[in-house]
1. Somewhere in the range B:168-191, is a residue among the small types (Gly, Ala, Ser), within 14 Å of chain A (Cβ to nearest Cβ) and under 17 Å from the mean Cα position of the chain (by Cα)?
2. Kindly indicate whether any position in the range B:51-59 is open to solvent by less than 10 Å² (accessible area, probe 1.4 Å), of a type in the set (Gly, Ala, Ser) and within 12 Å of chain A (Cβ to nearest Cβ).
3. Every residue in the range B:119-157 that is within 23 Å of B:Val209 (Cβ to Cβ), of a type in the set (A, V, I, L, M, F, W, C) and in contact (Cβ under 8 Å) with a residue 12 or more places away in the chain, please.
4. State yes or no: is B:Gly104 at positive phi and either away from every other protein chain (no Cβ under 14 Å) or free of Cβ contacts under 8 Å to residues at least 24 places away in the same chain (or both)?
5. Do the conditions hold for B:Phe269, that is, is it among the hydrophobic types (A, V, I, L, M, F, W, C), surrounded by fewer than 17 Cβ atoms within 10 Å (Cβ to Cβ) and part of a loop (DSSP other than H, G, I, E, B)?
6. Quick one: count up the residues across the range A:73-83 that are facing another protein chain (nearest Cβ under 7 Å) and either under 13 Å from A:Asn54 (Cα atoms) or touching a residue at least 40 places away in the same chain (Cβ under 8 Å) (or both).
7. For the range B:126-162, which residues satisfy the criterion of being among the aromatic types (Phe, Trp, Tyr) and within 16 Å of B:Met65 (Cβ to Cβ)?
There are 2 protein chains.
Amino acid sequence: MGVKKAVIAFGGNAILKEKERGTVSEQLQHCRETCDALLDILDKGYELIIVHGNGPQVGNMLIQMEEAGGKTPSLPLDVCVAATQGTMGFMLEIEMRNQLRERGIEREVTTLVTQVVIDPDIEKFEHPTKPVGPFYSAQRAEELRQEKHWEIVEDSHRGFRRVVPSPRPVQILGIQTIKSLVERGHIIIAGGGGGIPLLREEGGRMVGVEAVVDKDYTASLLAREVEAELFIILTRVPGVAIGFRTERERFLDRLTVQEARKYLASGEFPPGSMGPKVSAALDFVEATGQEVLITAPEVLKQALEGLTGTRLVKDDVPSVKLM
Amino acid sequence: MGVKKAVIAFGGNAILKEKERGTVSEQLQHCRETCDALLDILDKGYELIIVHGNGPQVGNMLIQMEEAGGKTPSLPLDVCVAATQGTMGFMLEIEMRNQLRERGIEREVTTLVTQVVIDPDIEKFEHPTKPVGPFYSAQRAEELRQEKHWEIVEDSHRGFRRVVPSPRPVQILGIQTIKSLVERGHIIIAGGGGGIPLLREEGGRMVGVEAVVDKDYTASLLAREVEAELFIILTRVPGVAIGFRTERERFLDRLTVQEARKYLASGEFPPGSMGPKVSAALDFVEATGQEVLITAPEVLKQALEGLTGTRLVKDDVPSVKLM
């Protein structure tokens with residue numbers, strides 16, 4: 001199988017930006033910009049597998065369902081993730097198709113509804129930590145605890161917020177389909193929002209669960225499964241820094257596995273921010289020996305040329321030249 | 001290509017039933033029943049391509065967005081269709097996977113986000129007829145006309161309701177992917193809600209449009225494109241009747257193209273009910289010479305045996321035996 005493959009992960013906030021209302025026309029505009037950047041990777045000779053996040057998009061759905069009160073039944077979180085795979089997959093696919101046409105490139109684009117089997121980590125289910133959805137008043141929080149058996153915590157004086165488990169993905173359903181389509185030159189959009197989380201019950205039956213899988217971990221697993229040559233994580237900053245937002249801030253153009261592990265352990269990369277990205281990147285580099293590029297979409301082109309961004313690479317081994 | 005293929009269409013009301021609240025657990029239960037029926041078609045030696053409707057599901061989304069008022073931006077109708085391809089595709093896929101496992105059948109199930117290019121029929125866009133979403137008061141209807149430029153009509157004294165165009169699909173994007181995956185034994189879920197409607201602008205750029213494509217027409221086009229041997233339309237009644245719900249009601253076990261055309265012209269099959277089903281069926285039979293089976297999911301097994309249901313077939317030609 002001769003094609004070079006790149007898996008690219010980016011957050012839902014690359015498409016629905018904080019300072020905007022988040023209308024579909026705004027989101028389509030950002031899909032356009034994102035696809036434009038992604039096609040630079042194609043230009044470099046890589047096939048593309050795109051894994052988008054969905055945080056703000058699911059957030060809006062949860063607000064709408066809360067506002068609709070009892071009028072229509074709310075969708076559980078796994079089904080909300082499925083919804084954003086449809087909506088965001090569509091928006092990305094159509095903009096990708098339009099850009100391909102403008103550039104005169106003939107490529108099929110395929111968006112797959114993707115489920116992931118998660119690690120049934122008891123600890124993560126008993127002590128959920130990932131906040132989702134709107135802020136509630138103390139009274140509404142109590143109602144929801146009673147009514148829906150949600151875990152709700154107070155969120156730094158902004159109100160009360162639901163928390164859900166954020167388990168690791170262990171299996172991506174349909175991975176062979178993704179692999180064979182990408183080998184045939186399809187641009188693939190899959191694993192959106194980290195994938196729809198499933199638990200495998202005793203006996204083998206699979207059920208959706210109300211959890212959120214980190215899209216970086218799903219993308220990392222996907223990159224390993226398809227044997228990608230490159231894994232790219234797009235984020236809001238041009239690269240990975242130590243001492244981030246302090247006086248000693250220093251962006252790193254290159255980071256070995258050993259260094260990354262050290263910095264992770266010393267708390268340089270906080271959870272909920274650069275932590276899971278570096279951790280997901282580490283999993284990939286350790287398993288495959290291939291590189292991860294962490295950068296911002298706005299400078300991706302320069303990063304692909306090696307001018308910016310952070311590359312996570314295998315530890316340097318003393319090069320023994322036998323000749 | 002040696003496999004026999006069946007395309008099966010059913011409405012969103014097979015999954016979200018009128019008399020229920022429409023919770024996800026109710027919908028999953030109906031997905032289970034539906035998949036159970038569909039596997040009888042697989043047992044008969046056909047590969048499956050499943051096209052679901054989404055009427056009540058999109059209806060609920062539109063209610064939620066109306067209730068959320070200005071809090072978060074509403075999604076346009078094309079993006080709502082995309083959402084239900086995610087939600088319903090997921091629910092059907094997981095129940096199909098569970099049923100396959102229980103029956104010991106090894107099959108991959110693939111759900112594709114599907115866009116369709118529509119016929120830019122001016123008449124249908126200038127005089128939209130398909131009602132969608134909640135009922136509004138006269139005052140709210142007027143607001144929405146001003147604010148969103150929606151076409152809103154009074155609906156038989158129940159209030160005011162938005163109407164959108166219901167154009168015919170002319171091209172299914174990704175059809176070759178569907179075809180090649182089904183040839184490799186995948187059970188395919190595609191074209192949900194009739195597909196996400198796109199218009200091709202001058203110059204070739206494609207844009208989503210606020211319209212609803214009838215899932216029966218999309219399924220019929222899909223069945224022709226993949227060269228299906230059988231097209232099955234599942235509905236609420238066990239078969240097609242003339243004089244439906246009158247004293248002269250008579251269910252037909254067999255209907256030729258010529259008869260179907262005659263009955264359609266004489267108004268036996270009303271629009272918004274059996275009309276589009278028979279019309280979509282006709283398109284398939286005329287193009288391929290293959291059969292269409294119209295029946296209810298509850299009696300599908302018997303219908304496959306020829307014991308009930310209506311078969312739409314090519315006109316009888318005088319059989320000339322040359323011997």
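1. As a first pass, look at the range B:168-191 and keep what is among the small types (Gly, Ala, Ser): B:174, B:180, B:185, B:190-191.
Next, only the ones that are within 14 Å of chain A (Cβ to nearest Cβ) stay: B:174, B:180, B:185, B:190-191.
With the extra rule that they be under 17 Å from the mean Cα position of the chain (by Cα), the set shrinks to B:190-191.
Yes.
2. No, the range B:51-59 has no match at all.
3. Those that are within 23 Å of B:Val209 (Cβ to Cβ), of a type in the set (A, V, I, L, M, F, W, C) and in contact (Cβ under 8 Å) with a residue 12 or more places away in the chain: B:Phe125, B:Val132, B:Ala141, B:Leu144, B:Trp150, B:Ile152, B:Val153.
4. Answer is yes for this residue.
5. Numbers: among the hydrophobic types (A, V, I, L, M, F, W, C): yes; surrounded by fewer than 17 Cβ atoms within 10 Å (Cβ to Cβ): no; part of a loop (DSSP other than H, G, I, E, B): yes.
So B:Phe269 does not fit the description; no.
6. 4
7. B:Phe135, B:Tyr136, B:Trp150
Conditions (1) closer than 16 Å to B:Val7 by Cβ; (2) open to solvent by 70 Å² or more (accessible area, probe 1.4 Å); (3) assigned to a helix (DSSP H, G or I), marked per residue:
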{"residue": "B:Asp216", "(1), (2), (3)": "yes, no, yes"}
{"residue": "B:Ile233", "(1), (2), (3)": "yes, no, no"}
{"residue": "B:Pro238", "(1), (2), (3)": "no, no, no"}
{"residue": "B:Arg245", "(1), (2), (3)": "no, yes, no"}
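The values are calculated or read from the model by the stated rules, or taken from the named source; none is laboratory data. From a predicted model like this one, the values you see are computed outputs, not experimental measurements. Positions of Cβ are backbone-derived with ideal geometry, glycine not excepted, and every protein chain shown enters the neighbour counts. In case anyone asks, the SASA skips ligands and DNA or RNA and just uses the protein heavy atoms, side chains included. Shrake-Rupley method; radii C 1.70, N 1.55, O 1.52, S 1.80 Å.
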